[in-house]
Amino acid sequence: MDDRNTLLKEIGEVSFFLDDLRLYLDTHPLEEKAMDLYQQHHQKRMELLKSYADKFEPLTCHCIDLASNNSPDSDTRYAGRKHWTWSDGPIPWDTAANACHTAGILKGGA
Amino acid sequence: MWSYEKRLQFPVHITKTCPKTASLIISQFGGPDGELAASMRYLSQRYTMPCKEVSGLLTDIGTEELAHLEMICAIIYQLTKNMKVEEAKACGFDAYYVDHTSALWPTAAAGVPFNACEFQSKGDAITDLMEDLAAEQKARTTYDNLIRIIDDGEVRAPLKFLRAREIVHFQRFGEAMEKIKEKLDEKNFYYFNMEFDKQFVKG
Ligand SMILES: [Fe+2]
């Protein structure tokens, strides 16, 4: 798996962990352990999103940074040049955007 | 206010075209217990929910259902984007093809178009949460049925993920129900509408 796919897989995993924990905390607002885990994983997710945006393209509008998201690895015809990066990268519902995760997750899921 | 994230909650990677499978799974887009109905049901109910934590939970689950809607649409899209007319004809997908080509349009598997009656926003907290608990289980049953019918591992993987989320949502709605009950006089849980008859809600 290349760097892009490894990072995407990690982002998917940590984000899902947070999605699940968020609902848990909605009904258990005083649970210390869950809050600690949320804090740690949230931090991790922010770092991963930032490194993915710097290297490839922004996945959220908060990661759009026109000064730093213009690496030569960006999936765009303007790679390496300053440009509007929000439309870079594969379309989320296409197989190309999801190929990354399949090896690891599909084996367990199917 | 929402903001978009350019990735699916769980990956959908389907390499084999199959309009037949798409015609069954489309029920989880526009059917009575589908993801569109789920999302809109929770996001409509939350405004008058008399307990702030429960409104918050409805927002978060309603938001996650939007991500599920996107996954279901990705599954249908990938199953049909390369279909030939003969394939559509052979499996009975031709009627849908005539009206929508291979675009996404919310309908139940049996052909009934999406109906806002599925929202079930009654304006009574207990009633609405009961509805939500049932809705999660109905969606789980639909996923069970789909997983029994469908053999393709690439399609089954995201369906199994979605099925598991229905169980988690059921659990969380059960906890929300307990929270709502704490705010009521235990003698009147089901006699009054706490959303409207506010005199029965504990201070
Ligand atoms: Fe759900």
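The values are calculated or read from the model by the stated rules, or taken from the named source; none is laboratory data. Note that this is a predicted model, so its numbers are computed, not measured. Cβ placement follows ideal geometry from the backbone for every residue including glycine, while neighbour counts extend to all protein chains displayed. Ligands, DNA and RNA are stripped out before the accessible areas are found, and what is left, the full protein with its side chains, is counted by its heavy atoms. Shrake-Rupley method; radii C 1.70, N 1.55, O 1.52, S 1.80 Å.
Indicate the helices, whole DSSP H runs only, in chain A that combine a mean Kyte-Doolittle hydropathy of -0.5 or more with a Cα extent along their long axis of 24 angstrom or more.
Working: long enough: A:3-27 (37 Å, -0.17); A:32-55 (35 Å, -1.48).
Helix filter hits for chain A: A:3-27.
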For chain B, Rg(Cα) over 2.2 N^0.38 Å is 1.14
The percentage of the accessible area of the range A:3-103 (probe 1.4 Å, all protein chains present) made up of carbon and sulfur atoms, to the nearest whole number, is 55
Mind giving me the FRET efficiency for A:I91 and B:N193? R0 is 45 Å, r the Cβ-Cβ distance, nearest 0.05 is fine.
-> 0.50
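Going by average Cβ density within 10 Å per residue, which order do the peptides B:160-172, A:80-92 take, highest to lowest?
The most tightly packed comes first, giving B:160-172, A:80-92.
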What net charge do the residues around B:N193 carry, taking every other residue with its C-beta under 11 Å from that of B:N193, with Lys and Arg at +1 and Asp and Glu at -1?
-> -2
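Calculate, for the protein assembly as shown, the solvent-accessible area per residue in square angstrom, rolling a 1.4 angstrom probe over the heavy atoms of the protein chains.
On the way: 15490 Å² over 313 residues.
Per residue, the protein assembly as shown has 50 Å² of solvent-accessible surface.
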Could you work out how far helix B:52-80 tilts from the main Cα principal axis of chain B, as a 0 to 90 degree angle to the nearest 10?
-> 10
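If you build the convex hull over the alpha carbons only and average its shadow over all orientations, what do you get for the range B:145-193? Give it in nm² to one decimal.
Numbers: hull surface 19.1 nm².
About 4.8 nm², averaged over all directions.
Counting partner chain Cβ atoms within 10 Å of every residue's Cβ in A:87-96, what's the average?
Values: counts 1, 1, 2, 2, 3, 11, 13, 6, 10, 1.
For peptide A:87-96, the averaged partner shielding equals 5.
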Amide H to amide H, which residues 5 or more places from B:A109 or on other chains are under 5 Å from it, using H placed in the peptide plane?
-> B:S27
Could you tell me what % of all Cα pairs in the range A:3-103 have separations over 16 Å?
-> 60
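Based on the mean of other Cβ atoms within 10 Å per residue, sort peptides B:145-157, B:72-84 so the most packed one is first. List each step's numbers first, then the result.
Working: B:145-157: 16.0, B:72-84: 20.7.
Most protected by this proxy first, the peptides run B:72-84, B:145-157.
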Starting from the Cα of A:L18, step 7 Å along the direction of its Cβ; do the same at A:D36; then give the gap between the two resulting points in nm.
-> 2.0
Flagged links, alpha-carbon separation over 26 Å, of A:K50/B:K16; A:K44/B:K81; A:K33/A:K55; A:K9/B:K16; B:K16/B:K138; A:K44/B:K179 | A:K50/B:K16; A:K44/B:K81; A:K33/A:K55; B:K16/B:K138; A:K44/B:K179
Taking every residue of B:56-63, the Cβ atoms of other protein chains inside 10 Å of its Cβ average out to 3
Distribution of pairwise C-alpha distances over the protein assembly as shown, 10 Å bins, in % | 6, 24, 30, 25, 12, 4, 0
Would you mind listing how long the range B:89-178 runs along its three principal axes, going by Cα atoms, in whole Å with the largest first?
-> 50, 30, 17
Net dipole in debye of the range B:19-120 [+1 Lys, Arg Cβ; -1 Asp, Glu Cβ; about Cα centre; nearest 20] | 100
